[in-house]
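These notes are about the structure you will find just below.
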Amino acid sequence: MSAPDRGRWLAPLLVCHECGLAQVQGALAGPGLVLCRRCGAVLRRIAPGSVRRAVHLNLAALVLFAIANLHPFLAFGFEGRGQTVVLASGVARLWREGMPLLATIVLAASLLFPLAKMLATLWALGPFLLRSRLPGQARALRLADALRAWAMLDVFLLAVIVAWVKLVDLAAVEPGIGLWTFLGALILATAADATLDHHDLWHRLGPQATLARLDPGAGRLVGCPACGQAAAVPNGRSEGRCRRCGSRLHPPRRQAIARAWALLVAAVAFYFPANLLPVMTVTSLGRGEPSTILGGVALLVEHRMYPVAAVVFTASVLVPLFKFLALGLLLVTTQRRVGWRRRERAVLYRLVEFVGRWSMVDVFVVALLVALVDMGALATIEAGMGITAFASTVILTMLASASFDPRLIWDRT
Ligand SMILES: [Zn+2]
Ligand SMILES: [Zn+2]
């Protein structure tokens, strides 16, 4: 066997999580990205020392996040009266107002999921620094990865900025220690995520398959959706299990299209009440006025707050519409097995996955305003049913795009 052949035989076998193409990783030049040859998805981020760095960054983020939750986040002064809120105040008030579903969504996305993600990452990575192993490391890493889209510290921070600008006309708003430490936690956790070499991490938990290790006659080659391991699903069986992380493995299934359609249709159905019902009611000195999403944008334009109006309009109106159209297009074209512009459709799918969560910004804005402006007869903001409907739309579209299997774009069978 010649040297290049031998290298190919022993190099890690990567299976693209987006298009399903199995490919041997070429010789590495140094830090950088390994992209899929066919669809351009990132297969690997090579970053030496990333595990150690991720542990340190996540530890620091965890400490800052704990401080952020215990200290005042924002202080709000109106007509001589002041009020401070901690992160969880909005949740508590939404709950008291009889909106448990919305309270739970905000609590999960802004507090529980980010916290669980940091703890799971530390559980999975920490032992490597101490050269030991803990039970459940693979499961913890899978959990941390699964929570990535749902831990919305970044979206929450954008909501803080929007809420702040909305209130600035009305009253004095002061940032507290909670807000600054929250910002720090967000930056550190994002940096940890952005530089982590997942492939290296999984490889430490169980070696990546190579052509030399795989039996070519064992069945259809499938990539693990969670850890990226290449494994064979035996011929005649519809699914297998990943030996490294325990995830279910299966070739692309056309049945998934029906589920994605159902979720998308439900999301569109919620979009109507989300836009027609008031999202909040501002009552000041006895006079109350309910406002819808578009009404809120119009009010921002009236007050010449153009950048914030643009942010809210994009996140709450344009992004949901874009997601409906893009997912609809992806579903119709895969259902009809159209070979048209596969690579562009793969990029479209990536875009839908990326922007999906940012629509939650208006939901967090309402939660923050409700918590901040709670001064009885002087001024109150109450959440309306429209915002629950809107949160449902956002979550359903996120679930729809998560249940769409992008490998179907490339599947010719
Ligand atoms: Zn690919
Ligand atoms: Zn796996």
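The values are calculated or read from the model by the stated rules, or taken from the named source; none is laboratory data. Bear in mind the structure is a predicted one, so any value in this text is a computation, not a measurement. No Cβ is skipped: glycine too gets one built from the backbone with ideal geometry, and neighbour counts run over all protein chains shown. Heavy atoms of the whole protein, side chains included, go into the accessibility calculation; ligands, DNA and RNA do not. Shrake-Rupley method; radii C 1.70, N 1.55, O 1.52, S 1.80 Å.
Classify the stretch 148-189: rounded, prolate or oblate, from the alpha-carbon gyration tensor (a ≥ b ≥ c, eigenvalue square roots; a/c under 1.5 rounded; otherwise prolate if a/b is larger than b/c)? Judged from the Cα gyration tensor, the stretch 148-189 comes out oblate (a/c at least 1.5, b/c at or above a/b).
Share of carbon and sulfur in the accessible area of the stretch 172-302 stands at 62%, probe radius 1.4 Å. Ligands, DNA and RNA left out, the accessible area of the stretch 46-137 computed with a 1.4 Å probe is 69% carbon and sulfur. In the chain, helical runs assigned H by DSSP with n ≥ 4 each contribute -39500 (n - 2.57); averaged across all residues and rounded to the nearest 500, the mean residue ellipticity at 222 nm is -17000 deg cm²/dmol. Here the peptides 105-112, 349-356 are ranked by packing, the mean other Cβ count within 10 Å, and the order with the highest first is 105-112, 349-356. The C-alpha atoms of the chain define a longest principal axis, and helix 113-129 lies at about 40 degrees to it.
Rounded to the nearest 10 degrees, the inclination of helix 342-355 to the longest alpha-carbon principal axis of the chain is 40 degrees.
Think of the chain as having a plus end and a minus end, set by charges on the Cβ of Lys, Arg, Asp and Glu; of Gln23, Pro234, Gly98, Pro234 sits farthest toward the positive end of this dipole. Note on exposure: Phe272, Phe324 ranked by accessible area (1.4 Å probe, complete protein assembly) read Phe272, Phe324, with the most exposed listed first.
Identify, among Gly384, Pro252, Val332, the residue whose Cα sits farthest towards the positive end of the charge dipole of the chain, taking +1 on the Cβ of Lys and Arg and -1 on the Cβ of Asp and Glu, with the dipole about the Cα centre. Sorting the options by dipole projection puts first Pro252. Only the Cβ atoms of Lys and Arg (+1) and of Asp and Glu (-1) were treated as charged; on that basis the dipole of the stretch 1-99 about its Cα centre amounts to roughly 320 debye. Per-residue Karplus couplings for the stretch 226-233, computed as 6.51 cos²θ - 1.76 cosθ + 1.60 with θ equal to phi - 60°, are listed in order as 9, 10, x, 5, 8, 9, 9, 8 Hz, Gly and Pro entered as x.
Solvent exposure of the chain, expressed per residue, is 47 Å² of accessible area, with all protein chains present and a 1.4 angstrom probe.
Placing unit charges on the Cβ atoms only, positive for Lys and Arg and negative for Asp and Glu, gives the chain a dipole magnitude near 2280 debye about its Cα centre. Putting +1 on Lys and Arg Cβ atoms and -1 on Asp and Glu Cβ atoms, find which of Leu264, Pro278, Leu299 reaches farthest to the positive end of the dipole of the stretch 161-310. The residue sitting most towards the positive pole is Leu264. For the stretch 335-411, the square roots a ≥ b ≥ c of the C-alpha gyration tensor eigenvalues yield an a/c of 1.5 or more together with a/b exceeding b/c, which makes the shape prolate.
Placing +1 on the Cβ of every Lys and Arg and -1 on the Cβ of every Asp and Glu, with no other charges, gives the stretch 313-413 a dipole of roughly 920 debye about its Cα centre. Under a 10 Å cutoff between Cα atoms, tell me which one of Trp150, Trp340, Trp164 has the largest fluctuation in the Gaussian network model of the chain. Among Trp150, Trp340, Trp164, the largest mean-square fluctuation in the Gaussian network model of the chain belongs to Trp340. Gain on full extension, evaluated as 0.36 nm per residue between Leu70 and Arg96 minus their Cα-Cα distance, stands at 7.3 nm.
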